[in-house]
Amino acid sequence: MKILLDAMGGDNAPDANIKGAVSAINEVEAEVVLVGNEKIINDKVQEFYGKSLKYISERLSIHNATEVIEMEDIPTQAIKTKKDSSMVVGFNMLKKGEGDVFISAGNSGALLTGATLLVGRIKGVDRPALAGILPAYHGRLVLMDCGANTNCKPINLLQFAQMSSIYMHNTLGIEAPKIGLLNIGTEETKGNELVKQSYQLLNKYSKDLNINFIGNLEGREAFLGGVDVVIADGFTGNVFLKTVEGLGKFVKKSLTESFMHSIWSKLGSLPSLPAIKRFSKVMDYKEYGGALFLGVQKPVVKAHGSSDEKLFKFTIKQAEQFVKNKAVDQLTEVYESDKNKEKMLEIKEFIAHLETK
C-alpha cells in the first residue's frame, strides 16, 4: 500500500507534514510518499533529523511537485492552472494507481474540486461529502457533511445518510448504525425546508436503502451515545464541527486553569490526574484524524488545515485503515447495483412530483 501525502498543504506545511510522516512510518505498514517541492522537503528533513529521508525509513520517499495551491486561491482555477502543484500531482498519481489514498490539509475547496474533477465521483452519487469523525459517549460519531457542500438538496442528505451508513457498517462493524438528522427540534415539522423535505425522504425510503433512521436530532443529544451518524448540509455541519472543537479546547483550558489556580488546587488534583488524562484524550480531536471524502472513486482524506505533527500522524494511520477496509469498493458496489439505481430513479421521480405540487 502507498499513502500519498500533500507535503505542501496546510497552515503548518511543510514542517508538520514531514514530521507527521516520520512519526507515523513505524506505526503503519504502508509506504508514505511526500508530494511536494523536492529541494524544500530534503532541506527540511536535513534540518530536522540531520540525515536524508532514505536513512530514516525505506518506506518514506518524495515525489517532486514544483507548485503550491495556496489557501486564498480560487479552487477551480487553481486545479486547472497549477498542474504541477502538490495537490494536482497527488490526485493524478492516485487516479493512475501510483498510490492508494491521498491526504491533504490544503485549500478545502480545491481539494473537493480536484477529487471530483480529477478522481471522479462514484456513479450514482450526486455529491460526495466529508465524513468527519468525532468523540462520543463510549464510542465515535460520524458527522456528514462537515464542509464539502454548503448548498444541498434533500436527495443529497439522503445519500449522505446512505453512504455513511454503508461506511459505518463495513468499516466499524456496526450492524445497523443509527442515523440522525441534525435539526432545531425532534418534531418532523421543525426546521427549514431542506431539513423538512430531507426528513420526508429519509422517513419514506430509509428501509429500502438499509438506513436505520431514528429521526431528527438536536445538537445537544449528538454525543450521548444514542446515535452513530449525524446528517447535515455542509454549512451547518461545518459550523457544528468547529463549535464542538472550540468547546473541547475551552473545557480543557478551563480545567487546567482551575487546577493550577493555587497550591491547594494543584494538590487536590493529583488523585484525579489519571481521569483527567483519559478525559483529555477523549476530547482531543487530533486523536480522530481527518475527514473521509466519501463518494469519489478513490480514497481521499481531508486533514485539518491547522494540522500539526500529531494530527498528521493520526490521519496517516486513519488513511491506511480506510484503504484496508475497502470503504470505496463497498460504496461503489452498492451505488452501481441495479437495485440501488432503480430506487434512486424512483426517489428522484418522487421529488420531482413534490416540486410540481
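Kindly provide the set of residues from the range 141-186 that are of a type in the set (Gly, Ala, Ser) and farther than 18 Å from Ile214 by Cα, ordered by number.
Scanning the range 141-186 gives Gly147, Ala148, Gly173.
Considering only residues that are under 25 Å from the mean Cα position of the chain (by Cα) and polar (S, T, N, Q), which ones fall in the range 185-213?
Ser198, Ser206, Asn210, Asn212
Keeping to the range 318-337, report how many residues are crowded, with 16+ Cβ neighbours inside 10 Å and closer than 16 Å to Phe102 by Cβ.
Here the count works out to 7.
Before we move on, is Lys298 modelled with pLDDT of 90 or more and under 27 Å from Gly20 (Cα atoms)?
Answer is yes for this residue.
Please give the number of the condition Lys83 fails out of (1) part of a loop (DSSP other than H, G, I, E, B); (2) out of contact with any strand residue (DSSP E or B) (no Cβ under 7 Å at 6 or more places or on another chain); (3) in contact (Cβ under 8 Å) with a residue 40 or more places away in the chain.
Status for Lys83: all satisfied but (3).
Consider only pairs whose beta carbons are under 9 Å apart and that are at least six residues apart or on different chains; among these, list those whose first residue lies in the range 28-49 and is assigned by TED's automatic domain parsing to the domain that holds Ile69 and whose second residue is of a type in the set (Phe, Trp, Tyr) and surrounded by 15 or more Cβ atoms within 10 Å (Cβ to Cβ).
Val35/Phe102
Considering the range 92-117 alone, what residues qualify as being part of a helix (DSSP H, G or I), within 22 Å of Gln330 (Cβ to Cβ) and not basic (Lys, Arg)?
Selection gives Leu94, Leu112, Ala115, Thr116.
So is Asp145 of a type in the set (Asp, Glu) and modelled with pLDDT of 95 or more or not?
no
The values are calculated or read from the model by the stated rules, or taken from the named source; none is laboratory data. Here the structure is a predicted model, which is why all the values come from computation and not from measurement. Note: ideal-geometry Cβ built from the backbone for every residue, glycine included; neighbour counts use all protein chains shown.
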